[in-house]
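Structure, as structure tokens:
Every read-out reported here was derived from the displayed coordinates using simple, explicitly stated rules and does not represent laboratory data. Just so you know, these numbers come straight off a predicted model, no measurement behind them. Counting neighbours? That spans all protein chains shown, and the Cβs are built from the backbone with ideal geometry, glycine included.
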Amino acid sequence: MFLEIVTPEASIVTAEVNSITVPGINGRFQMLKNHASVVSLLEKGTVTFTGSPTITEGFEDRFTKDEDGKWVLEINGGTLEHKNDKAIILAD
């Protein structure tokens, strides 16, 4: 599935990913390929995903990798829309 993360500054990452985990307002949840369509508000927390992302130059320092090899991004909140195997996160 395709992932794009957009901040007020720029689109900071695009990637083909296997899974995405986000901090939804009712708790963390994960999306896998062919996940049902969803729109959710996001709370402060971490977005994690697996894949080989293209990170926009100048934003590399916002991402880390955890012990399982997942990419990690700290956000202050935002929104998520997922449909047709494409997830767009508008993050603060």
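Points worth noting:
- Yes/no for Ile89 being on the phi < 0 side of the Ramachandran plot, touching a residue at least 60 places away in the same chain (Cβ under 8 Å) and in contact with a Gly (Cβ under 9 Å, 6 or more places away or on another chain): yes
- If you go through region 38-92 and keep only what is under 14 Å from Glu4 (Cβ atoms) and polar (S, T, N, Q), you end up with Thr54, Thr56, Thr79, Asn84.
- Only listed residue being among the charged types (D, E, K, R) and in contact with a helix residue (DSSP H, G or I) (Cβ under 8 Å, 6 or more places away or on another chain), chosen from Glu67, Glu43, Glu74, Glu16: Glu74
- Of all residues in region 48-89, those satisfying the criterion of being within 13 Å of Ile12 (Cα to Cα) and in contact with a Leu (Cβ under 8 Å, 6 or more places away or on another chain) are Pro53, Arg62, Phe63, Ile75, Ile88, Ile89.
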